[in-house]
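The values are calculated or read from the model by the stated rules, or taken from the named source; none is laboratory data. The structure presented is a predicted model; accordingly, all values stated were derived computationally and were not measured. Glycine gets a Cβ as well: all are built from the backbone with ideal geometry, and neighbour counts include every protein chain shown.
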Amino acid sequence: MTTAPAERFALRLHKVSKAFGGVQALNKVNFEVRAGEIHCLAGENGCGKSTLIKVVTGVHQPETAELIELFGEKVDRINPVQARQMGVSVIWQDLALFPHMSVAENIAFDSLVGLTPRAVRSRDMMARSKAVLESLGVQLDLAAPLQDLQIAQRQVVAIARALMNDAKLIFMDEPTASLTQSETDRLLDIVRKLSANGVAIVFVSHRLAEVLDIAERVTVVRDGNLVGVYPTAGMTQAHLGELMTGQLIETEVTARDRSDAPTVFAAENLTRHGEFTDVSFQIRAGEVLGLTGLIGAGRTELAHVMMGMRQADGGQMRLNGASYRPSNIRKAIAQGMAYVSEDRLSLGLLQKQPIADNTVISVLRKLTTATGLISERRKAEMVRHWIRELGVKIGSPDDPISTLSGGNQQKVVLAKWLATDPKLLILDSPTVGVDVGARAGIFRIVRALADQGLAILLISDEVTEVMFNADRILHMADGRLVAEYDPRTVTVPELEEHIYA
Ligand SMILES: Nc1ncnc2c1ncn2[C@@H]1O[C@H](COP(=O)(O)OP(=O)(O)OP(=O)(O)O)[C@@H](O)[C@H]1O
Ligand SMILES: [Mg+2]
């Protein structure tokens, strides 16, 4: 890998500030990225990472900025078009692609805009798109509609589009949040290749192992303030977590023996063709049962059957001793089931509604007074309670949920389900996009809920997450439960070897 001379910068920001109402999202922050460097931007949910990206790309104008310099050139008021013309691209979390257009059209999109139809030559477009994909070492069907592609492939399309625009500085805002381990590895390879070709990458991720693996340097931001810039060589995850949160993040096995407690949920030879086979397990009151394995092992499908969102083809389920076979999710919830899904954007929240309404939506009935109206006072109380319990960082409960940072949205999803007062809580990859400090907070709450007798199924592909937070760990592979582990007697490397082998 070639390292650019220290004096060549892709980006320099000095003392940039940006506020939203009462929230100081960025406070006199400095940020510098060298040409061709892979630089991580790290910090807790809501610390200002996405805001910084939006300032550089002209989506937001800063209130004050001493200097904004791109590729050695000072810029005053930058707008998104100008930023793109200068060679800055962003791969947003939602990717900003066009699902109905083909792969090739998506890649070439920006170069098509502004051309007369006559000038849009399909063959040219195909050839250029193909060349860009080849430079990334990927093969995709260029004529396929984008909606047929997996999320990882769409990400490649978004990157290819940036390269078509001759991007020299690419921001990636949590690009690996929805990727499997092998897809992540492939993306990181592409990032390294881009860097070797002189493209600077600013990478945002809450997976600290990945941050330390990919980046040369990391800039840490806390509550809109710069904490510092650090080389990643020799840095540990624990230290980085401490810099981000200002606290020591403890990781210790919390497993306890619940074998004497009554069984809340049981699956017996549960089968759904093509998804999972002969799955049998029990969850006891007060128990956190971890379920891990590679994505695609059938874990989410199993959760969907437990929630009545799909039906099993064989076997049976029991809830509190009685036969349980919900025909839809509403019936499952009515019987005391709750489900925090991995996909907060499509299943969890009403993006345009206020935070307060999102938090209480599942419990509206409980808040209804004798006259059938929602008690505003009780609503406000409940919202305040959960916002405080989960440490959700917000301006006002009446703001739309879309103004919250990603991780804070996830906490609202959790609050929403906890407010239903469930018997069994399924957490499906609950910390995707959630920062280390908030993860610790969420799991403290999970443990406290278990101690009150709640049964919890914790689905996660992060080995450390089940290791430190579950009482028992089930390993699922190719739709079957293949092993059970006790976190008190197995180690993280051993578990990783079993799962990734
Ligand atoms: N359009 C907006 N209107 C109001 N407040 C906003 C807006 N965008 C961001 N904020 C607030 O600014 C702060 C910084 O948000 P930002 O999205 O930059 O955080 P982040 O570091 O990207 O967090 P995450 O890791 O959760 O994505 C948060 O308190 C957020 O609620
Ligand atoms: Mg963000």
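Looking across the stretch 415-430, just one residue is modelled with pLDDT under 75 and within 16 Å of ligand 1 (Cβ to nearest atom), and that is A415. For A196, the conditions (1) over 25 Å from V56 (Cβ atoms); (2) small (G, A, S); (3) outside the structural domain of G321 (by TED's automatic domain parsing) are fulfilled apart from (1).
I need the full set of residues from the stretch 405-445 which are outside any helix (DSSP H, G or I) and either of a type in the set (G, A, S) or within 16 Å of ligand 2 (Cβ to nearest atom) (or both), in order please. Of everything in the stretch 405-445, those that are outside any helix (DSSP H, G or I) and either of a type in the set (G, A, S) or within 16 Å of ligand 2 (Cβ to nearest atom) (or both) turn out to be S405, A419, S429, T431, V432, G433, V434, D435.
The set of residues in the stretch 112-137 that are of a type outside the set (A, V, I, L, M, F, W, C), at pLDDT 55 or above and surrounded by fewer than 14 Cβ atoms within 10 Å (Cβ to Cβ) comprises R121, S122, R123, D124, E134, G137. Just to be sure I understand, how many residues within the stretch 448-466 are buried (at least 16 other Cβ atoms within 10 Å of the Cβ), more than 20 Å from the chain's Cα centre (by Cα) and either small (G, A, S) or farther than 19 Å from Q282 by Cβ (or both)? Going through the stretch 448-466 one residue at a time, the tally reaches 2.
If the condition is being on the phi < 0 side of the Ramachandran plot, over 16 Å from the mean Cα position of the chain (by Cα), more than 16 Å from ligand 1 (Cβ to nearest atom) and of a type outside the set (A, V, I, L, M), then the stretch 179-227 contributes S182, D185, R186, D189, R192, K193, S195, N197, D213, E216, R217. G234 falls short of the stated requirement of being among the small types (G, A, S), surrounded by fewer than 20 Cβ atoms within 10 Å (Cβ to Cβ) and in a strand (DSSP E or B).
Residue by residue, here is whether (1) modelled with pLDDT under 85; (2) farther than 27 Å from D428 by Cβ holds:
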site: A167; (1), (2): no, yes
site: S182; (1), (2): yes, no
site: I190; (1), (2): no, yes
site: F203; (1), (2): no, no
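The condition (being more than 16 Å from ligand 2 (Cβ to nearest atom) and touching a residue at least 40 places away in the same chain (Cβ under 8 Å)) is satisfied by just one residue among V23, V33: V33. When the stretch 459-493 is filtered for residues that are touching a residue at least 60 places away in the same chain (Cβ under 8 Å), among the aliphatic types (A, V, I, L, M) and closer than 24 Å to G437 by Cα, the ones remaining, listed by number, are I459, V463, V466, M467, A470, I473. Only one of the listed residues (V211, V202, V191) is within 16 Å of ligand 2 (Cβ to nearest atom), crowded, with 16+ Cβ neighbours inside 10 Å and part of a helix (DSSP H, G or I). That residue is V211.
Scanning the stretch 40-50 for residues that are modelled with pLDDT of 90 or more and buried (at least 24 other Cβ atoms within 10 Å of the Cβ) turns up C40, L41, A42, G43, C47, G48, K49. For the stretch 52-61, the condition of being assigned by TED's automatic domain parsing to the domain that holds R207 and farther than 20 Å from Q82 by Cβ holds for none of the residues.
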